[in-house]
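Each remark here refers to the structure printed beneath this line.
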Amino acid sequence: MPKLLVVAPNWIGDCLMAQPLLARLRDKRPALRIEVLAPPWVVPLFAHMPEADEVIAAPFAHGALALGARWRLGRALRARRYDQAIVLPNSWKSALVPLFADIALRSGYVGESRYGLLNLLYRAPRPARPMLEHYARLSEAPGAPLPASLPAPRLQVDAAAVAATALAFGFAPPPGRNIVLCPGAEYGPAKRWPAERFGALAADLAAQGAGVFLLGSANDAAVCDAVVQASGSAAQSLAGRTRLGQAIELIAAADAVVTNDSGLMHVAAALDRPQVALFGSSSPAHTPPHSPRARVVWLQPACSPCFARVCPLGHFRCMTELAPQRVRDEVAQLGVLGSGQSH
Ligand code: SF4
């Protein structure tokens, strides 16, 4: 059986954008065994992707060179006798494990001048293509065209597990409505709709009878606390209290999800949940939520997208000029307010 090792990206959203690549590889070679080497914090994502036959947690801290640990892991993986590795991150260090594992064919984008480290090299097209397409190109020969349509990322969840997790975290059982807000964005504050706006939205949604829950990592806890305060405690923060697998199940249980352009936005899209996605400094042309049930809000002032982590102009108009009422109207368009149900 041919064996492939895929070195996964570091970000939740990028991992989801890579799923169509895995699906395409599996379509082309049904007998292919696909194993994924992933940072521990994204491992639960791949557990919900049927294309991944096994996920190996990489024992490295984010950004660490960890040369010794990469050498030991690579040598340990030699016994698995992979036929090929596909390296998705652009960094030099991310290509080391396949080299140390003596994998003969090592492919990926040139990235950080990885001549020699990789031996099947791709050049990133200019202008940049959407991330989903960017990764999927690695399923073809360099320069070869992609098929006209690619599958959207999709996560599989167990309905019983979703119901149990929703109950454990206080979601109202049907016909109650539960709306998840994700006010964080790991990339930086220029992607975050301000906490007081999220708070006003939460208060509005709660006043209409919805249960409002805030999801995010421990890094988002302070932002979520500020949202709770701004909402007059109309929302409940679960940030930092869930593992990623539980967050996936809670999003799967939600009647609607409102996010910034973040990893959890892509999770909601991959779970086919009705959602509103708020873009500021980034572009929905580059990393859209791949879902027909997603409504994108992007004011797009002349300076947007700037792709900065912090507003370089100081005024942050791309997000501060977005009113809670506008987002609330978008949520209403999803049909989840009033008596409507989306399940
Ligand atoms: S420069 Fe414009 S697009 Fe970038 S963060 Fe500031 S307001 Fe937003």
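Here are a few things to note about the model shown:
- Estimated vicinal HN-Hα couplings, Hz - segment 136-147 in sequence order (Karplus 6.51, -1.76, 1.60; Gly, Pro = x): 4, 4, 6, 8, 10, 5, x, x, 6, x, 8, x
- Gain on full stretching of the segment that runs from Glu196 to Asn219 - 0.36 nm per residue minus C-alpha separation: 6.5 nm
- By the rule of a C-alpha distance below 15 Å, with chain neighbours fewer than 8 residues away ignored, the aspartates and glutamates paired with Lys191 are Asp220, Asp261, Glu321.
- Helix-derived mean residue ellipticity, 222 nm - over the chain, DSSP H n ≥ 4, -39500 (n - 2.57), to 500: -8500 deg cm²/dmol
- Nearest 10 degrees, 0 to 90: helix 19-28 Cα axis against the chain principal axis: 50 degrees
- Entry note, the chain: relative contact order of 15 percent, from Cα contacts under 8 Å with a spacing of 6+ residues.
- Extension gain from Lys93 to Asp272, taking 0.36 nm per residue of separation minus the Cα-Cα distance: 61.0 nm
- Amide H to amide H distances under 5 Å link Gln236 with Val212, Phe213, Leu214, where only residues 5 or more positions off or on other chains count and H is placed in the peptide plane.
- Panel order for Met131, Met265, Met17, by other beta carbons found within 10 Å of each beta carbon, from fewest to most: Met131, Met17, Met265.
- Placing +1 on the Cβ of every Lys and Arg and -1 on the Cβ of every Asp and Glu, with nothing else charged, gives the chain a dipole about its Cα centre of roughly 1020 debye.
- 19 Å cut-off, amide nitrogen to a point 7 angstrom out along Leu67 Cα→Cβ, residues in segment 86-121: 91-102, 112-118
- Those lysines that a straight Cα-Cα span of less than 17 Å connects to Lys28, excepting residues fewer than 8 apart in one chain: Lys3
- Charge dipole magnitude, Cβ of K and R +1, D and E -1 - segment 1-111, Cα centre, debye nearest 20: 360 debye
- Cut-off 11 Å (backbone N to label point 7 Å along Cα→Cβ of Ala148), residues of segment 272-292: none
- The charge dipole of segment 159-333, taken about its Cα centre with unit charges on the Cβ of Lys, Arg, Asp and Glu (plus for the first two, minus for the last two), comes to roughly 120 debye.
- Sorted by Cβ neighbour density within 10 Å, fewest at the top, the residues Phe307, Phe316: Phe307, Phe316
- Across segment 185-343, the relative contact order, built from alpha-carbon pairs under 8 Å that are at least six residues apart, equals 25 percent.
- Relative exposure of Leu271, Leu96, judged by other C-beta atoms within 10 Å (fewest first): Leu96, Leu271
- Span per principal axis, largest first, for the Cα atoms of the chain (Å): 60, 47, 41
Computed from the coordinates by the stated procedures, all read-outs in this text should not be read as laboratory data. The shown structure was predicted, so the numbers you read here are calculated from the model rather than taken from an experiment. We place every Cβ from the backbone using ideal geometry, glycine too, and count neighbours over all the protein chains shown.
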